Amino acid sequence: MSIVLTEDATLHPLVLPARADAADAGEFRELARVRNDVYRAITGRDEQDLEPEALLPLLRSRPERTTTVWAVRVAGTIVGRAVVDIPHEEGSRTAIASIEIHPRVWGRGIGSAVLPHIEAAARRHGRTVIQNWTEQPASSGDRITARTGHGSVPDDHVSRFLLRHGFSLEQVYRVSRLDLDDATHEFDALHADARRAATGYRVLQWEVPTPTEHLDGYAWLKSRMSTDAPSAGLEADEEQWDADRVVAGEKRIVEMRQRMLVTVAQHVDSGELAAFTEIGIGPDTAATTHQHDTLVLREHRGHRLGQLVKCASLATWREIAPQSRAVITYNAEENRPMLSINEALGFEAIAYEGAWRKDLS
């Protein structure tokens, strides 16, 4: 059933197909195409592109969250989407929401008409906080500083929309890119330096699926990612990871036709996994590589383990995907230890993403 938003815009709850190539998948495939167009129009880059087969597993509900998707249409044509994720972590007060509409139809009041439906969905699930992560077009004009005091985003159409509707800019993520063709010399020296500093630790690596003997340790690292990484004034639910959740997540990665390398630092005496990083790519191994989660457990910091696992990961990745010539990653602007490693490796800032929060009355 469609919902009237404005004179010519409507909102359509999307029923996900069983498969991206199913007979009834036409609307979903068109939404996937428009999603890519929206990201390209906003960022000027294509590394966020996903084929319908890769997008579908990300939009399905799962034991740890419920996901609702709407298509936004203007005069019958899909121009964007809205998505709400409801985490199932115990005590969670948050809904993670996004409204992604093509810039060519900005300024018509469509986003403002969608937002009440987002808020209603959050309230139905008993949520009192909406959080949103949005990358904005590059701009040389005025900027808005995050409440952390670290980082800023353009004072543009996107910021004005969010501020007008009661959101506050809590945190800024730096989007950084590493040109692998320019990284080799410094990278090797940093890797050697990290190996010298990490006495008592060894590096382990695997491509997903994770070996059975490391599932519990890896799950613990993933749990700590939700509590130990900088979160500023955002609501950070403590995620409950176990071996089953890791296995299910890695099945989605395989379904998406992606490859992911996991690199960990293991404390030799205790056998505990103390740090990790993930790096991956889609079926086009000449495309941009994505650096995903990276974390050093608090109790193991001070041994250059972040530098160690990142260097070891990149060294192996050059053998796995030698045609990929760039890596992209996202880091909170106040996460100086991780940014320092990235800068030493040769990552350069190319964009910024705002993390926004709205408390529902």
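A short reminder: the numbers here are calculations on the coordinates, not readings from a lab. Please read all numbers here as calculations on a predicted model, not as lab measurements. Glycine gets a Cβ as well: all are built from the backbone with ideal geometry, and neighbour counts include every protein chain shown.
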Under a cut-off of 28 Å between alpha-carbon atoms, report the lysines in cross-link reach of Lys310, not counting same-chain residues fewer than 8 places apart. Lys222, Lys251
Any chance you could get the radius of gyration and Dmax over the Cα atoms of the chain, in Å? 20.8, 67
The range 1-146: C-alpha gyration tensor shape, a/c 1.5 cut-off, then a/b vs b/c: rounded
I'd like the distance separating the alpha-carbon centroids of the range 12-35 and the range 128-160, in whole Å. 31
Arg62's amide H: which non-local residues (gap 5+, or another chain) put their own amide H closer than 5 Å, with H modeled 1.01 Å from N in plane and none for Pro or chain starts? Thr67
Going residue by residue through the range 84-93, the Karplus relation 6.51 cos²θ - 1.76 cosθ + 1.60 with θ = phi - 60° gives ³J(HN,Hα) values, rounded to whole Hz and with x marking Gly or Pro, of 10, 9, 10, x, 9, 4, 4, x, 4, 10
Do any chymotrypsin sites (Phe, Trp or Tyr not before Pro) in the range 16-113 lie in a loop, going by DSSP, with at most 16 other beta-carbon atoms within 10 Å of their beta carbon, and if so which? Trp106
Taking amide hydrogens as modeled 1.01 Å from N in the peptide plane, which residues meet the under 5 Å criterion relative to Leu5, leaving out close sequence neighbours? Thr10, Leu11
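Under the classification rounded if a/c is under 1.5, otherwise prolate if a/b is larger than b/c and oblate if not, where does the range 219-331 fall, given a ≥ b ≥ c as square roots of the Cα gyration tensor eigenvalues?
Numbers: a/c = 1.61, a/b = 1.33, b/c = 1.21.
In terms of gyration-tensor shape, prolate.
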Could you work out the relative contact order of the chain? I mean the mean sequence separation of Cα pairs under 8 Å and 6+ apart, divided by the number of residues, in percent. 20
